[in-house]
1. Starting from residues that are surrounded by 14 or more Cβ atoms within 10 Å (Cβ to Cβ) and not in a strand (DSSP E or B), keep the ones in the stretch 54-70 and report whichever is nearest to the chain's Cα centre (by Cα).
2. Look through the stretch 25-52, keep the residues that are hydroxyl-bearing (Ser, Thr, Tyr) and modelled with pLDDT of 90 or more, and return whichever of them is surrounded by the most Cβ atoms within 10 Å (Cβ to Cβ).
3. Can you tell me how many residues within the stretch 84-117 are among the polar types (S, T, N, Q) and out of contact with any strand residue (DSSP E or B) (no Cβ under 8 Å at 6 or more places or on another chain)?
4. When you check Ser91 against the structure, is it closer than 18 Å to Lys144 by Cβ and either assigned to a loop (DSSP other than H, G, I, E, B) or of a type in the set (Gly, Ala, Ser) (or both), yes or no?
5. Please enumerate the residues belonging to the stretch 120-150 that are within 22 Å of Ser166 (Cα to Cα), of a type in the set (Gly, Ala, Ser) and surrounded by fewer than 14 Cβ atoms within 10 Å (Cβ to Cβ).
6. Can you confirm whether Glu117 is of a type in the set (D, E, K, R) and either in contact (Cβ under 8 Å) with a residue 40 or more places away in the chain or surrounded by 20 or more Cβ atoms within 10 Å (Cβ to Cβ) (or both)?
7. Looking at Ile76, is it farther than 28 Å from Gln138 by Cβ, within 19 Å of the chain's Cα centre (by Cα), of a type in the set (A, V, I, L, M) and outside any loop (DSSP other than H, G, I, E, B)?
Amino acid sequence: MKYIFLAVSLLVLSACGGGKDKKTEGSNELPENAASFTLQNIRFDATDYYEGEQVTVTKGTSFEVQWVSPTSAPYIIDLHLSTSGAVHSDSNKIVELKCGSASFSLCPNATAEVQCEIDDNKLSCFIGSDYIGSVGFQEQELSKLKFIIKGCDALSNCDVKTFNLSVQNKTG
């Protein structure tokens, strides 16, 4: 009886892989969708915009920028103001925000927002009454301004969205 039980046990274990965790090719890799970080629902003044679209702002008045991270895990958002077609870089960075964690008081959630304003040849941004950064530009560059949002997760998976800014003067 003892030998029959042992034989049945071995048969069951070998049918199940002997209790050993068999790895299939690529099983130690992240699923395809886990390696991506895509910013969603980019909004300027409560209106959805898609990458490459033109956003019209009025000089001397503030506008709101909102985004949604694909996860509530910590992430970093860099805001840039590009002139003359320049890509995002440290030289045109307005601010870097650490977001997505309750310990980050300025943008603790996956959904976050900033207020920005263009005035006196600079773009400045705020969260509530907290000034968070600014970057300057030349008056002749007004027609070539681009607002760039770069978001990255903890694994350095990043998404970059670029929007053309059309700056109008205040009327009346």
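The values are calculated or read from the model by the stated rules, or taken from the named source; none is laboratory data. Everything quoted here is computed from the prediction, not taken from an experiment. Neighbour counts are summed over all protein chains in view; Cβ atoms, including those assigned to glycine, are modelled from backbone coordinates with ideal geometry.
1. Only one residue fits best here, namely Ser69.
2. First, the residues of the stretch 25-52 that are hydroxyl-bearing (Ser, Thr, Tyr): 27, 36, 38, 47, 49-50.
In the following step, the residues that additionally are modelled with pLDDT of 90 or more were identified as 38, 47, 49-50.
Working: Thr38: 13, Thr47: 11, Tyr49: 18, Tyr50: 8.
Once the filter is applied, the top-ranked residue is Tyr49.
3. Qualifying residue count, the stretch 84-117: 5.
4. Working: closer than 18 Å to Lys144 by Cβ: yes; either assigned to a loop (DSSP other than H, G, I, E, B) or of a type in the set (Gly, Ala, Ser) (or both): yes.
Criteria met by Ser91.
5. Selection gives Gly136, Ser143.
6. Spelling it out, Glu117 is indeed of a type in the set (D, E, K, R) and either in contact (Cβ under 8 Å) with a residue 40 or more places away in the chain or surrounded by 20 or more Cβ atoms within 10 Å (Cβ to Cβ) (or both).
7. Answer is yes for this residue.
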